[in-house]
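To start, the structure itself, in structure tokens.
The values are calculated or read from the model by the stated rules, or taken from the named source; none is laboratory data. Quick caveat: nothing in here was measured; it's all calculated off a predicted structure. Glycine gets a Cβ as well: all are built from the backbone with ideal geometry, and neighbour counts include every protein chain shown. Heads up: the accessible areas ignore ligands, DNA and RNA and are worked out on the full protein's heavy atoms, side chains in. Shrake-Rupley method; radii C 1.70, N 1.55, O 1.52, S 1.80 Å.
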Amino acid sequence: MPNQEKINIVEESTNRFKEASGIYFARYTGMNVEQATEFRSLCRENNVNYTVIKNTLAKIAIKNAGHDSSFDDILEGQIGTATSIDDSLAPARIIKKFNKDNHDIIEVVGLYADGNYYGPDKYKVLANLPTREELIAKFASMLNQPMTQFAGVLNATMTKLAGVLESLKEEKN
């Protein structure tokens, strides 16, 4: 018989899975308390929710949230979930950054991003994608480049014209 604490955990997790645009399931075997604290802090700084709940409760919450049973096979062992509402790729970037400093201690075993289910191989591809802000900056730079070049051409033309006019003036004097 489920107790109230487990019911609350399932309800909270169900709501988080329903709202999330990105859900990452990661094996954290071998992570010590200091590393776990560091990872949770990194997640909080980037508006990512990282939780560890019993796999049976996670399976119930995933089904209640409307996801199929795609993740039933991977919810074995020590699995934590990183979820994000705003940016589906934020957990991937955080896990990549954390793993870079901690010798790949977190292993992504499956994920859900923007309505699609992926295996662990897709995580690295998604983690390497630029952020929205980086894409906007690149786009603005690309829009600005032709104008900058055009201004440079006009400036060079005006400088040449001024030089020609000055030399004509000197010839007449």
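Applying the criterion of being open to solvent by 70 Å² or more (accessible area, probe 1.4 Å) and touching a residue at least 12 places away in the same chain (Cβ under 8 Å) to the residues of segment 29-38, the residue that is nearest to V109 (Cα to Cα) is T29.
Right, S41: in a helix (DSSP H, G or I), on the phi < 0 side of the Ramachandran plot, crowded, with 18+ Cβ neighbours inside 10 Å and of a type in the set (S, T, N, Q) or not? When the stated conditions are applied, S41 does not pass them. In segment 1-28, the qualifying residues are those that are in contact (Cβ under 8 Å) with a residue 60 or more places away in the chain and in a loop (DSSP other than H, G, I, E, B), and the one that is farthest from the chain's Cα centre (by Cα) is Y28.
Tell me whether segment 69-79 contains one or more residues that are under 16 Å from K122 (Cβ atoms), in contact (Cβ under 8 Å) with a residue 12 or more places away in the chain, open to solvent by less than 30 Å² (accessible area, probe 1.4 Å) and part of a loop (DSSP other than H, G, I, E, B). Looking for residues that are under 16 Å from K122 (Cβ atoms), in contact (Cβ under 8 Å) with a residue 12 or more places away in the chain, open to solvent by less than 30 Å² (accessible area, probe 1.4 Å) and part of a loop (DSSP other than H, G, I, E, B), one finds none in segment 69-79, hence no.
Scoring I106 on the criteria (1) surrounded by 21 or more Cβ atoms within 10 Å (Cβ to Cβ); (2) over 14 Å from Y28 (Cα atoms); (3) in contact with a helix residue (DSSP H, G or I) (Cβ under 6 Å, 6 or more places away or on another chain) leaves a single failure, condition (2).
Table: residues versus (1) modelled with pLDDT under 70; (2) open to solvent by 70 Å² or more (accessible area, probe 1.4 Å); (3) out of contact with any strand residue (DSSP E or B) (no Cβ under 9 Å at 6 or more places or on another chain); (4) of a type in the set (S, T, Y).
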{"position": "G119", "(1), (2), (3), (4)": "no, no, no, no"}
{"position": "L129", "(1), (2), (3), (4)": "no, yes, yes, no"}
{"position": "L135", "(1), (2), (3), (4)": "yes, yes, yes, no"}
{"position": "K138", "(1), (2), (3), (4)": "no, yes, yes, no"}
{"position": "M158", "(1), (2), (3), (4)": "no, yes, yes, no"}
{"position": "S167", "(1), (2), (3), (4)": "no, no, yes, yes"}
{"position": "N173", "(1), (2), (3), (4)": "yes, yes, yes, no"}
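Checking segment 55-63 against the condition returns a match, with at least one residue being under 27 Å from L129 (Cβ atoms) and open to solvent by less than 60 Å² (accessible area, probe 1.4 Å). T51 - would you say it is at pLDDT 85 or above, among the polar types (S, T, N, Q), touching a strand residue (DSSP E or B) at 6+ places or on another chain (Cβ under 9 Å) and open to solvent by 10 Å² or more (accessible area, probe 1.4 Å)? Yes, satisfied.
Looking at K97, is it closer than 28 Å to V33 by Cα, open to solvent by less than 70 Å² (accessible area, probe 1.4 Å), among the basic types (K, R) and in a helix (DSSP H, G or I)? For K97, the condition - closer than 28 Å to V33 by Cα, open to solvent by less than 70 Å² (accessible area, probe 1.4 Å), among the basic types (K, R) and in a helix (DSSP H, G or I) - is not met. Scanning segment 44-64 for residues that are more than 22 Å from the chain's Cα centre (by Cα) and of a type in the set (A, V, I, L, M, F, W, C) yields I53, L57, A58, I60, A61. For segment 80-94, residues that are surrounded by 20 or more Cβ atoms within 10 Å (Cβ to Cβ) and part of a loop (DSSP other than H, G, I, E, B) total 2.
In this structure, K169 does not satisfy being closer than 22 Å to F17 by Cβ and assigned to a helix (DSSP H, G or I).
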